[in-house]
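For reference, the structure discussed in these notes is given below.
The values are calculated or read from the model by the stated rules, or taken from the named source; none is laboratory data. Worth saying up front: this structure is predicted, and the values here are computed from it rather than measured. All Cβ positions, glycine included, derive from the backbone under ideal geometry; neighbour counts span all protein chains shown.
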Amino acid sequence: MTASKETHVFQTEVKQLLDLMIHSLYSNKEIFLRELISNASDAADKLRFEATKDDALYEGDSDLHVYIEADKDARTITIRDNGIGMNRDEVIANIGTIARSGTKEFFGQLSGDQEQDAHLIGQFGVGFYSAFLVADKVVVTTRRAGLEHAHGVRWESAGDGEYNIETVEKETRGTEIVLHLRDNADEFLEHFRLTSIIHKYADHIPFPIRMLGTPKPVEEGEEEKPADIETVNQASALWTRPKSELSDEDYNNFYKHIGHDFEDPLARLHQKLEGKYEYTLLLYLPKRAPFDLWQAEAKHGVKLYVRRVFISEATEDLLPRYLRFVRGIMDTNDLPLNVSREILQQSSAMSAMKKGATKRILGMFEDMAKQASDENTDYAVAWKEFGNCLKEGIIEDNANRDRIAKLLRFSSTQSDEQTVSLESYVERMVENQDTIYYITADTLAAAKHSPHLEVFRKKGIEVLLLSDRIDEWLTSHLTEFDGKKLQSIAKGELDLSKLGDNAEEDKKEHDEAVKSAEPVVEKLKAALGEKVKDVRVTDRLTESPACLVSDQFDMTGNMERILKQAGQDIPSVQPILEINPEHALIQRLAALESESDVADYADILFDQAMLAEGALPEDPAGFVRKINALLI
Ligand code: ADP
Ligand code: MG
């Protein structure tokens, strides 16, 4: 045991976070109290949970609460809890470093725009360090429940890059935080100011937050009476209260507490379910994607309670991974309090809850989608933030695939915005159309200008334009909707002969074109050799000379590029070159005699088709040289 005072320096990231916070959040200083109360409440939760296994941790005091005191003379605010407390190692690990994964990415995302950064910082969890918004010196004295009195720890810092730590005697378990206020923070010494912040942010905290009340009025000649200690907040778990008693504000404040967010949520659901299993859901959809949504270790956002006792942080046992952005709580009576991870994973109560919650969250999305209009853009916002997660759902959640498919929104040849649902696509299908057509590309622009679309434009057939990375995987799992096949227009042979006004005539024309193009097709095959799987005449093109397609069961060029960019060593798939025999360039090629001229033309044709897909020719410099030779 080290009794002496030691000086430590903050981890670089802590220093950075402190600086940022003070600059971005100066207009919202009051959140320090929310954060410190929230930590005290977490500490009480943890103690209550550990005490279910070891009653002695209560040390004879099971009245869990937070006590807040302001001292106008000393200009300090003290926040005291009798929760789990911390030992020396925990103090060093928890307040002095940021152990969270994704810290580096977080700093990378900051834009310098104050408002935007304030959101990110909020999401990241400003937590304990927000104390320095109002204090220029913070003293934490804490003792972990169950340790001897001599094992208390005092931590002290001016937030300027280092902190002191020493071992002290502490009789009561739990944590006391003393804030020595900055010159401009005097407002927080006012009783009314403090109580109104507590109401605003902490009414729903399930532990009493106590303060000394205002002194009682004294009659002439009477002795001064000490003020009573009063409980400021509601002190009951919000989700157990009847809906009728709860205002939007109550719900939103609870969300901000549990979701570490500054903004109100986009949507919520609060339901008590009574069937084979009994549980309560209070779940929220944030307005913005959490900063770590796309990181491998993204935190889930739903906490598990058993009979109002906090059990565990969010895990994949509570909700499927693709819904990791949902925030909130689930509370059940059907699990034992001392539940282990293994029991959780196997319990049928858990899987029933997970299924029920998933269903209701999808229902929440459906409701928003139904209400979507020019005025109500909630679903558009939700789609923008979480659409790609729902696409993961198509891949991950077989049981709900059909429901999720209806929630998908795409761009199409009818709309650049991602507003086209599969249902609305199907409604707009032309006569005899039994297939949903789409194209995948690296960007929306590349998809939109792809030569593959030419014939669809001509025939007035809508095509979905897919340009998110995940779309390649999505379409490999979503092969059908409403009994209609989904088909990439850059794959396989295209048969549009039944569609459009001049179907029969088109078919005849095509057959004739194939026949008369035989010589040029042979020329191209010979010139391109191994580069292509096949060369054939196409109906796809009306303006371009050629395009590349993949065989029906090969991966698309786009997929191949994505995998290669991701560092995967996969063999190249040979594309099929399709040509438009009516195009002047093809006709010129057909007339060429010299073998080397044919070879150059063939290469240019192939490379152009590559470029039109948004990809680079294999030998870009060679391509430029050949083009220039032609131009001169
Ligand atoms: P977060 O609450 O998101 O984990 P904070 O910065 O608010 O981040 O707190 C960091 C950690 O410090 C907490 O996770 C907890 O382990 C510890 N801590 C903070 N306040 C207390 C407290 N009052 N009692 C016990 N532990 C605390
Ligand atoms: Mg916290």
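If the condition is being more than 21 Å from PHE310 (Cα to Cα) and either within 15 Å of ligand 1 (Cβ to nearest atom) or not assigned by TED's automatic domain parsing to the domain that holds ASP55 (or both), then the stretch 70-87 contributes ILE77, THR78, ILE79, ASN87.
Every residue in the stretch 172-202 that is of a type in the set (D, E, K, R) and either crowded, with 20+ Cβ neighbours inside 10 Å or touching a strand residue (DSSP E or B) at 6+ places or on another chain (Cβ under 8 Å) (or both), please. Walk me through it before giving the result.
As a first pass, look at the stretch 172-202 and keep what is of a type in the set (D, E, K, R): 173, 176, 182-183, 186-187, 190, 193, 200.
Listed by number, the residues that qualify are ARG173, GLU176, ARG182, GLU190.
Mind checking whether some residue in the stretch 475-494 is touching a His at 6+ places or on another chain (Cβ under 7 Å), surrounded by 19 or more Cβ atoms within 10 Å (Cβ to Cβ), within 21 Å of ASP416 (Cβ to Cβ) and not β-branched (Val, Ile, Thr)?
Restricting attention to the stretch 475-494, the residues satisfying the condition of being touching a His at 6+ places or on another chain (Cβ under 7 Å) are 489-490.
Subset that is surrounded by 19 or more Cβ atoms within 10 Å (Cβ to Cβ): 489-490.
Now drop any that are not within 21 Å of ASP416 (Cβ to Cβ), which leaves 489-490.
From what is left, the residues that are not β-branched (Val, Ile, Thr) are 490.
Yes, the stretch 475-494 contains at least one residue that is touching a His at 6+ places or on another chain (Cβ under 7 Å), surrounded by 19 or more Cβ atoms within 10 Å (Cβ to Cβ), within 21 Å of ASP416 (Cβ to Cβ) and not β-branched (Val, Ile, Thr).
Quick test for you: out of HIS65, HIS23, pick the one residue that is modelled with pLDDT under 95, more than 13 Å from ligand 2 (Cβ to nearest atom) and either more than 21 Å from HIS151 (Cβ to Cβ) or among the hydroxyl-bearing types (Ser, Thr, Tyr) (or both). Step by step, each of HIS65, HIS23 is checked, and only HIS23 is modelled with pLDDT under 95, more than 13 Å from ligand 2 (Cβ to nearest atom) and either more than 21 Å from HIS151 (Cβ to Cβ) or among the hydroxyl-bearing types (Ser, Thr, Tyr) (or both). Exactly one residue among LYS53, LYS5, LYS104, LYS72 is closer than 30 Å to PRO336 by Cβ, exposed (fewer than 14 other Cβ atoms within 10 Å of the Cβ) and more than 14 Å from ligand 2 (Cβ to nearest atom), and that residue is LYS53. Counting only strands (runs of 3 or more DSSP E) that sit wholly inside the stretch 2-99, those with at least 3 residues that are among the hydrophobic types (A, V, I, L, M, F, W, C) and in contact (Cβ under 8 Å) with a residue 40 or more places away in the chain are 66-71. All conditions in (1) modelled with pLDDT of 90 or more; (2) surrounded by fewer than 16 Cβ atoms within 10 Å (Cβ to Cβ); (3) closer than 13 Å to MET610 by Cβ hold for LEU577, with the sole exception of (2). Return yes or no: is GLY567 out of contact with any Lys or Arg (no Cβ under 6 Å at 6 or more places or on another chain), among the small types (Gly, Ala, Ser) and not in a helix (DSSP H, G or I)? Yes, satisfied. Against the condition more than 13 Å from ligand 2 (Cβ to nearest atom) and closer than 21 Å to GLU148 by Cα, how does ILE77 come out, does it pass? So ILE77 does not fit the description; no.
Could you tell me whether the stretch 218-232 includes any residue that is in contact with an Asp or Glu (Cβ under 8 Å, 6 or more places away or on another chain), in a loop (DSSP other than H, G, I, E, B) and not aliphatic (A, V, I, L, M)?
Taking the stretch 218-232 first, the residues in contact with an Asp or Glu (Cβ under 8 Å, 6 or more places away or on another chain) are 218.
Those left that are additionally in a loop (DSSP other than H, G, I, E, B): 218.
Keeping just the survivors that are not aliphatic (A, V, I, L, M) gives none.
So far as the stretch 218-232 goes, no, none of its residues is in contact with an Asp or Glu (Cβ under 8 Å, 6 or more places away or on another chain), in a loop (DSSP other than H, G, I, E, B) and not aliphatic (A, V, I, L, M).
Would you mind listing the strands (runs of 3 or more DSSP E) fully within the stretch 347-447 where at least 1 residues are of a type in the set (Val, Ile, Thr), more than 26 Å from LEU319 (Cα to Cα) and in contact (Cβ under 8 Å) with a residue 12 or more places away in the chain? Break it down stepwise before answering.
Values: elements: 410-412, 415-420, 435-440.
By residue number, 415-420, 435-440.
Are any residues in the stretch 292-306 within 15 Å of LEU344 (Cβ to Cβ) and either under 9 Å from the mean Cα position of the chain (by Cα) or part of a loop (DSSP other than H, G, I, E, B) (or both), and if so, which ones? Within the stretch 292-306, just HIS300 meets the criteria. Taking (1) surrounded by fewer than 20 Cβ atoms within 10 Å (Cβ to Cβ); (2) over 36 Å from the mean Cα position of the chain (by Cα); (3) not acidic (Asp, Glu) in turn, ASN87 satisfies each apart from (2).
Within the stretch 285-293, not a single residue is among the charged types (D, E, K, R) and without any contact (Cβ under 8 Å) to a residue 24 or more places away in the chain.
Here is a yes/no grid of residues against (1) over 15 Å from VAL520 (Cα atoms); (2) in contact (Cβ under 8 Å) with a residue 24 or more places away in the chain:
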site: LYS564; (1), (2): yes, no
site: HIS583; (1), (2): no, yes
site: ALA591; (1), (2): no, no
site: ALA602; (1), (2): no, yes
site: ALA615; (1), (2): yes, yes
site: PHE623; (1), (2): yes, no
site: ILE627; (1), (2): yes, no
site: LEU631; (1), (2): yes, no
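Within the stretch 133-146, the set of residues being crowded, with 17+ Cβ neighbours inside 10 Å and on the phi < 0 side of the Ramachandran plot comprises LEU133, VAL134, ALA135, LYS137, VAL138, VAL139, VAL140, THR141, THR142, ARG143, ARG144, ALA145.
Inside the stretch 510-543, can you point out the residues that are among the hydrophobic types (A, V, I, L, M, F, W, C), in a helix (DSSP H, G or I) and within 46 Å of the chain's Cα centre (by Cα)? If the condition is that a residue be among the hydrophobic types (A, V, I, L, M, F, W, C), in a helix (DSSP H, G or I) and within 46 Å of the chain's Cα centre (by Cα), then LEU528 is the only one that fits.
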